[in-house]
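A.B. asks: This is the structure I want to talk about, given as structure tokens.
The values are calculated or read from the model by the stated rules, or taken from the named source; none is laboratory data. Here the structure is a predicted model, which is why all the values come from computation and not from measurement. Reconstructed Cβ throughout: ideal geometry from the backbone, glycine too, with neighbour counts over all protein chains shown. Quick note on the areas: whole protein, heavy atoms, side chains included, nothing else; ligands and nucleic acids left out. Shrake-Rupley method; radii C 1.70, N 1.55, O 1.52, S 1.80 Å.
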Amino acid sequence: MESNRTKLIELLSNHSDTYVSGESLSKQLGISRSAIWKHMNELKKVGYQIEAVRNKGYRITGVPSELSASSLQWGLSTNWLGKNLIHHKSIDSTQFSGHDLAREDAPHGTVIIADHQTKGRGRLKRQWHSEDKHGLWFTVILRPTSLEPKDANQLTLVAAVALVETFRHLGLDVKIKWPNDVFSRGFKLTGILTEMQAEQDQIEYILLGIGMNINQEREHFPEELRDKVTSLKIETGKANDLAHVFHEVAQRLEEKYDTFIKEGFQPIKREWEQHAYRLNEWLTIKTKDSFQAKFVGIQHDGALLIEDEYGKQTALYSAEIYW
Amino acid sequence: MLKVQEIRELIKLIDESSITEFKYETDNAEVHLKKGTGEAPAAPTAQPSVVQPTEQSAPASTSEKPEAASQPEKTAEKPAEKQEEAVDTPTDYDHEITSPMVGTFYASPSPDEDPYVKTGDRVEGNSVVCIVEAMKLFNEIEAEVNGEIVEILVEDGELVEYGQPLFRIKKA
């Protein structure tokens, strides 16, 4: 049932400017024309606007304003990312659900997305503010077979490049704070939390958790965050259709991931450095002690490359950086 | 500068080899290892002020013992806070959990929570024992075997290397 509906949405969305005849749909899906008609009624119920013209066929003219698995998959042009998609109106955290599903063998590319998270998670269980319907909060389950666990951390930079390109496409110039936070004018726009389950030489699964601030107004954020975070709407003045933003980001995540797996980190590194926030500036860095160093780029494996006052370079894999 | 763990590895390797003496020097540190001959251990050669007390780790215990004559001698110049050191002895463990990547070792899920495991805890194959983080990728490390944690080799917040032992387990 569900997969027929997904296919139906796909077929119609590929021909959004023309009509697709009931006969052609029925052939392609291998179901009767009356079954097609039933599906159309179901789609209308969840908010699709469907035009049906005698002798011509069907056409989708509008997608639901509410997010649903259907609206998120309608118009999604990816090959594997989001083909299996679970939408929740409210959930504790898409990461928690991701762990559960991954342990139950959910396939590579599964997306868990929620309108609202009651326990949105940040790094080290810091809370991530995920306000109802104003942003995109989702987790992607990844099962790379050819990637070694020790190289998996490069995925966090891969995801950041995909996010930057998405925002640029939507008209906003943004920067990446090493390794993977996306900033606009010094305010945080997205956060990524990546978790891995792996053995010494094999990755079981990776959860790429992404939070994107899209349609929030400044007053939607808790007071203590207002001077630190921002949203696409605050930055551009325009509200965005969340499903559309999801399609854009999903497509780029898939593209960058495929490039990374096929060609390695080098093409990603070049793109990452083009968008690096505060490149060639002096920063305060804390590992065990705090010190000042110049941020000169990233190493071949994504590590932060810094330079001291004598020009001596060090690569860091893990550090608190005060930007 | 050599890490405690690297010194441990060195001692182990030297102990198994025919090398009797080993010296390593960088700008600010010097490590001098000398193997006992079965007689009285040779006296440390570095300046007295920087001689490290030699401590021997016993199974599930941190108590110091007099050094056995057959143990390798070790002298290391290290910062004062790095006093914790152990000569590799056949402690009672049969499994080591090693780090799958370079990163920061976290003993607990978040700074204000209890550590995942303590020495003496029983663990199962899928028990999470720590997190190693690098470049914001958080890797929950599982015990992989059933048994008891007999030694925790790193501290919360410490940087760890690829393949570095983190825990020792006595299998059940």
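A.B. asks: Being within 22 Å of residue A:304 (Cα to Cα), surrounded by 21 or more Cβ atoms within 10 Å (Cβ to Cβ) and at the interface with chain A (Cβ under 9 Å from one of its Cβ atoms): is that true of residue B:159 here?
C.D. replies: Judged against the criteria, residue B:159 is not a match.
A.B. asks: Please go through the stretch A:292-323 and give me each residue that is over 29 Å from the mean Cα position of the chain (by Cα) and open to solvent by 70 Å² or more (accessible area, probe 1.4 Å), ordered by number.
C.D. replies: Once the filter is applied, which keeps residues that are over 29 Å from the mean Cα position of the chain (by Cα) and open to solvent by 70 Å² or more (accessible area, probe 1.4 Å), the stretch A:292-323 yields A:292, A:309, A:310, A:312, A:313.
A.B. asks: Go through the stretch A:36-74 and count every residue that is of a type in the set (Asp, Glu) and modelled with pLDDT of 85 or more.
C.D. replies: 1
A.B. asks: Of these, A:76, A:72, which one is in a loop (DSSP other than H, G, I, E, B), closer than 21 Å to residue A:141 by Cβ and under 24 Å from the mean Cα position of the chain (by Cα)?
C.D. replies: A:76
A.B. asks: Now for a separate question. Looking at the structure I just gave you, is residue B:12 at pLDDT 50 or above, open to solvent by 60 Å² or more (accessible area, probe 1.4 Å), in contact with a strand residue (DSSP E or B) (Cβ under 7 Å, 6 or more places away or on another chain) and outside the structural domain of residue B:149 (by TED's automatic domain parsing)?
C.D. replies: no
A.B. asks: Take the conditions modelled with pLDDT of 95 or more, surrounded by 17 or more Cβ atoms within 10 Å (Cβ to Cβ) and more than 14 Å from chain B (Cβ to nearest Cβ) and apply them to residue A:165. Does it pass?
C.D. replies: yes
A.B. asks: Now for a different question. For the subset of the stretch B:135-156 comprising residues that are over 19 Å from the mean Cα position of the chain (by Cα) and not acidic (Asp, Glu), which member is surrounded by the most Cβ atoms within 10 Å (Cβ to Cβ)?
C.D. replies: In this case the residue turns out to be B:137.
A.B. asks: Mind listing whichever residues of the stretch B:103-124 are assigned to a strand (DSSP E or B) and either more than 8 Å from every other protein chain (Cβ to nearest Cβ) or more than 24 Å from residue B:136 (Cβ to Cβ) (or both)?
C.D. replies: Once the filter is applied, which keeps residues that are assigned to a strand (DSSP E or B) and either more than 8 Å from every other protein chain (Cβ to nearest Cβ) or more than 24 Å from residue B:136 (Cβ to Cβ) (or both), the stretch B:103-124 yields B:105, B:122, B:123.
A.B. asks: For a quick check of your reading of the model, give me the residue pairs whose first member lies in the stretch A:301-323 and is in a strand (DSSP E or B), whose second is among the basic types (Lys, Arg) and open to solvent by 60 Å² or more (accessible area, probe 1.4 Å), with beta-carbon atoms closer than 9 Å and at least 6 apart or on different chains.
C.D. replies: Close Cβ pairs satisfying both conditions: A:320/A:286; A:321/A:286; A:322/A:286.
Condition check ((1) more than 16 Å from residue A:255 (Cβ to Cβ); (2) within 9 Å of another protein chain (Cβ to nearest Cβ); (3) open to solvent by 30 Å² or more (accessible area, probe 1.4 Å)) across all residues:
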{"residue": "A:152", "(1), (2), (3)": "yes, yes, no"}
{"residue": "A:155", "(1), (2), (3)": "no, yes, no"}
{"residue": "A:175", "(1), (2), (3)": "yes, no, yes"}
{"residue": "A:179", "(1), (2), (3)": "yes, yes, no"}
{"residue": "A:189", "(1), (2), (3)": "yes, no, no"}
{"residue": "A:200", "(1), (2), (3)": "yes, yes, yes"}
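A.B. asks: Could you please find all residues in the stretch A:132-150 being among the β-branched types (Val, Ile, Thr) and open to solvent by 10 Å² or more (accessible area, probe 1.4 Å)?
C.D. replies: Result: A:145, single match.
A.B. asks: Surrounded by 17 or more Cβ atoms within 10 Å (Cβ to Cβ) and assigned by TED's automatic domain parsing to the domain that holds residue A:137: does that describe residue A:92?
C.D. replies: no
A.B. asks: Check whether at least one residue in the stretch A:114-130 is open to solvent by 20 Å² or more (accessible area, probe 1.4 Å), at pLDDT 95 or above and either of a type in the set (S, T, N, Q) or more than 28 Å from residue A:236 (Cα to Cα) (or both), and report yes or no.
C.D. replies: Looking for residues that are open to solvent by 20 Å² or more (accessible area, probe 1.4 Å), at pLDDT 95 or above and either of a type in the set (S, T, N, Q) or more than 28 Å from residue A:236 (Cα to Cα) (or both), one finds none in the stretch A:114-130, hence no.
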